1. In nm, to one decimal, how far is the residue 304 label point from the residue 174 one, both placed 7 Å along Cα→Cβ?
2. Give me the net charge for the shell around residue 324: Cβ to Cβ below 14 angstrom, other residues only, Lys and Arg +1, Asp and Glu -1.
3. If r is the Cβ-Cβ distance from residue 143 to residue 295 and R0 is 30 Å, what FRET efficiency results, to the nearest 0.05?
4. I want to make sure I understand the PRE zone here: with the label point 7 angstrom from the Cα of residue 377 toward its beta carbon, which residues in region 327-361 have backbone N atoms less than 16 Å away?
5. Using DSSP to call loops (not H, G, I, E or B), can you name the chymotrypsin sites (Phe, Trp or Tyr not before Pro) in region 270-364 whose Cβ has at most 11 other Cβ atoms within 10 angstrom?
6. Would you mind computing, in nm to one decimal, how far apart the modelled labels at residue 316 and residue 95 are, each placed 7 Å from Cα along Cα→Cβ?
7. I need the calculated FRET efficiency for the pair residue 351 and residue 206, taking r as the beta carbon distance and R₀ as 60 Å, to the nearest 0.05.
8. For the pair residue 122 and residue 238, how long in nm is the line joining their label points, each one 7 Å along Cα→Cβ?
Amino acid sequence: MSFGRTIVAIATIASLVHLGGCAPPASTTAKAATKATPPAKVEKLPTEADLIVVTLTPEAEALLGVEVAAIEAKSVGQMRQYGGDVTIPPGHAVIVSSPVAGSLIVSGLTPVPGQTVKKGQTVFGLLPILAPEARATLGAAKVDAEGMIKQEEVLLATAKLNFNRAENLLRDKAGSPAIVIDTKAQVDLAEARLKAATTRRDLLEQTIRDATAGSVGLLEITAPADGLLRIVSVQPGQKVSAGAPLFEVVSLNPINIRVPVYVGDLTKLDIDADAGIANLGAPQATPTKPARRAEAPPSADSLAVTADLFYEVENKDGALRPGQRVTVFVPLKVAAQGLVVPRSAIVSDFHGDAWVYENLKPHAFARRRVQVDRVIDDLAILASGPPVGTKVAIKGVAELFGTDMGFSK
């Protein structure tokens, strides 16, 4: 009986071993389960090629006035960006002095720095104080004033001669427009200085006549040119001596831009051509105002290894202020091939990114990213974008953008 039980036990153990050998390992089962049910799934992210395609009906396209044109490759002038400083042109600041000793009065508001004045506008009234020593010096002051008038007349004649010569050279295509503009500015400045000297002489003569008659009237101290008061050195009621500086009038139109340029770039730049300026951080970094070459005394910085270029910019709106930093676009001598589209084809989103709308097929448009290098008149020069020959919308672009963004239907 015991022998039979032993046989049964051995058979049972063998069966269990056989069944255990046939079962798959636990690790294999876990791997199979993991492969069948992944813990995470990564979807394919959309690209810019998957952007929405705006499809218009023929009637809607005609109503919006959508027109298309192909991106072209043209030889365009290259420009290099530099930082520039706004400076006051030489000779555009005039200091007005007291012709005689006296007491200052004002009839209206007290003049303050930054106030705008017009040529001939009364800034101060001067009530002369004719002490005995002052009466003795009136004649000498008048002689000095007349000598100053003669000096300014000679300078004005020289300035007019230079201006006429520059105009003749430009007419014969042998001169530069910038030189004509600069010489004209010198003529205007010489006329303003002559006017100031003449006014001083006239005031002295009037004072001498009044002193001789026994009554001295109020003298009007006027602005010699249009501009603004940069410095006011006196206050109403103050007594001043003859020749004391009263105020300074500075003209900020036009204004000069000083551009420090690395000396190694001078041979590559077309320094006689017109440049352009823009405010720092301007969208697409494109010129917003033209700048003409200005004549100025040469200057350089040996430590920074730079030489200064000077440009003249119209500043009727007073947007440019002395000391302000701007971006200056100086043209290079060598042109290069570039992608060109009409400026009207470019649209910018609220991030400042630039786009065009590619014409995929009739009445179908898709937005494509571009990088605008600069804008010249009505053309946009692209640093990157669709290849040459790609048709893009050049009119009705704002309406396409509004439909694309969901602003309109």
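1. 3.8 nm
2. +2
3. With R0 = 30 Å, the Cβ-Cβ based efficiency is 0.30.
4. 340-344
5. Counting only loop positions with at most 11 other Cβ atoms within 10 Å, the chymotrypsin sites (Phe, Trp or Tyr not before Pro) in region 270-364 are 350.
6. 3.3 nm
7. Computed FRET efficiency for residue 351 and residue 206: 0.35.
8. The answer from the label model is 2.0 nm.
Read-outs throughout are calculated quantities, based only on the coordinates presented, and are distinct from any laboratory measurement. Note that the structure is predicted; figures quoted are calculated from it, not measured. With ideal geometry, Cβ positions are generated from the backbone for all residues, glycine too; neighbour counts draw on all protein chains shown.
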